[in-house]
1. If I filter the range 128-140 for residues that are closer than 22 Å to residue 11 by Cβ, loosely packed, with under 14 Cβ neighbours inside 10 Å, touching a Ser or Thr at 6+ places or on another chain (Cβ under 8 Å) and of a type in the set (Asp, Glu), do I get at least one hit?
2. How about the range 35-74: which of its residues are surrounded by fewer than 22 Cβ atoms within 10 Å (Cβ to Cβ) and small (Gly, Ala, Ser)?
3. Scanning for something touching a Lys or Arg at 6+ places or on another chain (Cβ under 7 Å), part of a loop (DSSP other than H, G, I, E, B) and crowded, with 16+ Cβ neighbours inside 10 Å, does the range 94-106 turn up at least one residue?
4. Touching a helix residue (DSSP H, G or I) at 6+ places or on another chain (Cβ under 7 Å) and among the hydroxyl-bearing types (Ser, Thr, Tyr): which single residue out of 92, 43 fits that description?
5. Please specify each residue of the range 71-92 satisfying the condition of being among the basic types (Lys, Arg) and closer than 12 Å to residue 54 by Cα.
6. From 58, 124, grab the single residue that is assigned to a strand (DSSP E or B) and over 25 Å from residue 33 (Cβ atoms).
7. Return yes when residue 68 is polar (S, T, N, Q), in contact (Cβ under 8 Å) with a residue 24 or more places away in the chain and closer than 25 Å to residue 11 by Cβ and no when it is not.
8. Working carefully through the options 35, 44, 89, find the one that is closer than 16 Å to residue 17 by Cβ and assigned to a helix (DSSP H, G or I).
Amino acid sequence: MTLRRMMLQDIDQVLQVEHRCFTAPWSRQAFVTELVDNRLAHYLVLEYEHRVVGYAGVWLVVDEGHVTNVAVDPDFQGRHLGEFLMRTLMDYCASQGLQRITLEVRVTNTTAQNLYTKLGFVGVGKRRGYYTDNNEDALIMWAELPGEWASSEID
């Protein structure tokens with residue numbers, strides 16, 4: 001497995017994973033905008049034999065990280081790759097001096113919620129009708145980042 005910064009040429013493969021994982025996938029333009037125009041955005045891809053099998057993104061906003069998306073191709077799920085991606089994002093945020101990290105997750109996605117809880121996230125509220133495909137609520141989760149955290153290089 002290789003972990004590296006997402007590049008524009010990765011978008012086709014990222015979209016394949018996106019469509020396999022989500023009922024309301026992001027568009028090509030959304031990823032292009034994140035990579036080209038959003039100076040707060042940082043995205044990673046996880047490759048296996050030159051195939052993108054996972055990716056994750058975070059916005060660095062003042063002293064907080066906001067996880068935008070995390071996905072692992074269904075063929076590679078169950079191997080702790082989502083946990084690896086999340087720990088890497090958290091590591092990176094902490095190395096940049098951020099103090100907290102947040103995300104939204106579908107209220108029905110207990111698998112992801114269990115992972116986030118394992119990583120120290122706590123549910124603090126809901127966003128009603130957050131997901132546009134079925135009007136499902138999102139659980140808002142936050143975690144404190146330790147002041148001393150190993151450095152991660154994803155720039």
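FYI, it's all coordinate maths here, none of it is from the lab. Because the structure is a prediction, the values reported are computed rather than measured. Because the Cβ atoms are built from the backbone with ideal geometry, glycine has one as well, and the counts that use them run over all protein chains shown.
1. yes
2. Residue satisfying the conditions is 41 alone.
3. Start the filter on the range 94-106 by keeping residues that are touching a Lys or Arg at 6+ places or on another chain (Cβ under 7 Å), which leaves 104.
Among the residues that remain, those that are also part of a loop (DSSP other than H, G, I, E, B) are: none.
Checked against the condition, which is being touching a Lys or Arg at 6+ places or on another chain (Cβ under 7 Å), part of a loop (DSSP other than H, G, I, E, B) and crowded, with 16+ Cβ neighbours inside 10 Å, the range 94-106 yields no hits at all.
4. Sole residue among the options that is touching a helix residue (DSSP H, G or I) at 6+ places or on another chain (Cβ under 7 Å) and among the hydroxyl-bearing types (Ser, Thr, Tyr): 43.
5. Within the range 71-92, the first condition is being among the basic types (Lys, Arg), and the residues that meet it are 79, 87.
Result: 79, single match.
6. Answer to the selection: 124.
7. On the way: polar (S, T, N, Q): yes; in contact (Cβ under 8 Å) with a residue 24 or more places away in the chain: yes; closer than 25 Å to residue 11 by Cβ: yes.
The answer is yes for residue 68.
8. When all the criteria are applied, what remains is 35.
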